[in-house]
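The structure appears right after this line, and notes come after that.
Each value in this text was obtained by applying a stated rule to the coordinates, not by laboratory testing. These numbers were taken from a predicted model, which means no experiment stands behind them. Note that we place each Cβ from the backbone using ideal geometry, even for glycine, and neighbour counts take in every protein chain shown.
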């Protein structure tokens, strides 16, 4: 970004001398102008006017312009070019969300899956400098979005996930393993998985313990979130008479999720409502801050040379006119 600024702005006060010189010039001209008494001056109108009349005050105007140029030069105008370099130690993050049908339970409003989607989106919007990916899992797992800096694409893909979109079940080990596969080759300073589930691992060809060991091998930190109230939760069931609700037991393997988190350097959280889930994401956001270094470089270039040159030229023309074309007789 370029702009013009003046190093010695106080010199502009010297411009106050311009009106003083103009008034002094007018006073001197009136004092020096000879007076001839005529009975009438009408006959003088028939004589052609000399070019000297039109140029009489031109040297003074040039002199004033040269003074203005010198004052501007003394104020030392400069162009300032500022450049900033931002270096980030970004964090690669994978958000792994359980999409089993139990995520339709409405103990977390409006239901678990919608609350999980909305809070994840708000978290992503805050992480503008990080690459983030999305993994979904239930009985199986797959990558919904690889790690990317294009968060608009990621947010759109989050909107498209729904409970029951893949074979039902809760394969925590598979969800964790798929998330690790998206991060294992990452060159980021920090690699993080946020795994959210509302159940107990009951399927999958990779056990959560094995997946945890893989995470430790690749230096991946895992934050785990257990989503669901304690006790019973209302679950919608479609019947010929419309949607009916039945209460089901909330079963979350707190011990396993704690083990996964602590073994990888992360932390386990339990979210029993929408507000606590939002706070969990805020806490993770604070714990995993991206390091940003901003360096500013300023380059200045002096612009007073043209003003000095112009002032000298104008002053020289003024003197030259006074000594030649506009020279007065003694």
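Quick notes on this one:
- Nearest-ten-degree value, helix 208-217 long axis tilted from longest Cα axis of the chain: 40
- Considering every alpha-carbon pair of the range 91-289, the percent of pairs per 5 Å bin, from zero through the bin containing the longest distance, is 1, 8, 17, 22, 22, 16, 7, 3, 2, 1, 0.
- Relative to the dominant Cα principal axis of the chain, helix 17-32 is inclined by about 10°.
- Between the Cα long axis of helix 254-264 and the first principal axis of the chain there is an angle of about 50°, rounded to the nearest 10.
- Each label was represented as a point 7 Å from its Cα along the Cα-to-Cβ direction; for residue 254 and residue 129 these points are 3.7 nm apart.
- The residues 125, 191, when put in order of fewest to most other Cβ atoms within 10 Å, stand as 125, 191.
- Computed from the C-beta positions of residue 275 and residue 143 and an R0 of 35 Å, the FRET efficiency is 0.70 to the nearest 0.05.
- Förster radius 22 Å - calculated FRET efficiency between residue 55 and residue 21, Cβ distance, rounded to 0.05: 0.70
- If R0 is taken as 35 Å, the Cβ-Cβ distance between residue 12 and residue 321 corresponds to a FRET efficiency of 0.80.
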